[in-house]
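The structure under discussion appears below in the form of structure tokens.
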Amino acid sequence: MTMQKPDVSVVIPAFNEAECIAQLHAEVVAVCEREGYDYEIIIVDDGSTDGTAAIVQQLSPVIFIRLRRNFGQTAAIDCGIKRARGRLIVTMDGDRQNDPADIPMLIRYLEENDLDVVSGWRKDRKDPFMKRLSSRAANLVRTLMIKDGLHDSGCSLKVYRAECFNGISLYGEMHRFIPAVLKIKGFRIGECVVNHRPRLTGHTKYGWKRGVKGLIDMVSVWFWHKFAVRPLHLLGGLGVAFFVAGSLCALIGIAFYLAGIELFKYFLPILSSFLLISGIQFFLFGLIADMLSKNYFETTQDQPYSILEVKVQKKSPVKNSIS
């Protein structure tokens, strides 16, 4: 590894992967050396308790980052990406299920198709049935809500151009939705079928709790995609709809009362009051969210758009045709 800016940064989050992290590192080194990359390998130990840190510190070449406790895969990936200096950033799991041999293929696909992100697609997954079933269900919901165009957004093996992460920080379980977030900003994303290997050591870190957290983050990404710069359109629209429905219920209740119909004497007034109050609250929430959204974009480095290119065409000098 040289001190100049590397072409490729490989970011690997690891949590209790002492049995396989050394083998994975050796595979990544072999691929990068064979391809002639100027590279760096960043391993982020996410609070491991099984000796992963001690093993990584014996490896070379490596940039080792150790978190004080287990903050989660998204935090570890975000930490590694912020430390990366490469023109291209590769992310992958630390359990050896992602195959480093696929890295050159993903990079070539990215460059040949002028893309900003290429995500791996584990078309033939080597996971237990329940894990595959839950993943397919999550992919279906993600496709309906976000429509990022990917078959397998949960695959950690991805290649990004470094500029994708300018001004972006990751939270919660957002690592699954990085391509969706980047697509919202106008980056070009693609997908390649990659090899997926069975887990031979250790235990999976995925469970129902992570699935619930991922679903919540998916709703957040959906909202950000649709209404980040115009939350009043959603919440204000709901407010108007509730208010109109409440007004109609109130008018119907008044008509029934004047006609002497006792059946809806108590129900309609309560329903109309609920709808009217909810409509006002939704509209006020929309106004507050709209102000917060504008304040966010004005006080952070984030922006609701991404510039691809800037060109300045200078006016050609006009030749004097008068002799």
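Here are some notes:
- Close Cβ contacts (under 9 Å, 6 or more residues apart or on different chains) running from residues in region 232-257 that are in the same structural domain as Gly279 (by TED's automatic domain parsing) and buried (at least 18 other Cβ atoms within 10 Å of the Cβ) to residues that are among the charged types (D, E, K, R) and not in a helix (DSSP H, G or I) comprise Gly253/Lys265.
- Among residues of region 64-78, those that are among the hydrophobic types (A, V, I, L, M, F, W, C) and either at pLDDT below 90 or surrounded by 21 or more Cβ atoms within 10 Å (Cβ to Cβ) (or both), counted: 4
- Among the residues of region 175-202, those that are under 10 Å from the mean Cα position of the chain (by Cα), surrounded by 23 or more Cβ atoms within 10 Å (Cβ to Cβ) and touching a residue at least 60 places away in the same chain (Cβ under 8 Å) comprise His175, Ile178, Pro179.
- No other residue among Arg66, Arg96 is of a type in the set (Lys, Arg), in contact (Cβ under 8 Å) with a residue 12 or more places away in the chain and touching a strand residue (DSSP E or B) at 6+ places or on another chain (Cβ under 7 Å) apart from Arg66.
- Sole exception among (1) touching a helix residue (DSSP H, G or I) at 6+ places or on another chain (Cβ under 7 Å); (2) part of a helix (DSSP H, G or I) for Glu163, by number: (1)
- Qualifying residue in region 115-122 (condition: modelled with pLDDT of 95 or more and charged (D, E, K, R)): yes
- Residues of region 2-12 classified as modelled with pLDDT under 95 and either touching a strand residue (DSSP E or B) at 6+ places or on another chain (Cβ under 6 Å) or of a type in the set (Phe, Trp, Tyr) (or both), total: 1
The values are calculated or read from the model by the stated rules, or taken from the named source; none is laboratory data. All values derive from a computational prediction rather than experimental measurement. As a convention, Cβ positions derive from the backbone with ideal geometry for all residues, glycine included, and neighbour counts pool all protein chains shown.
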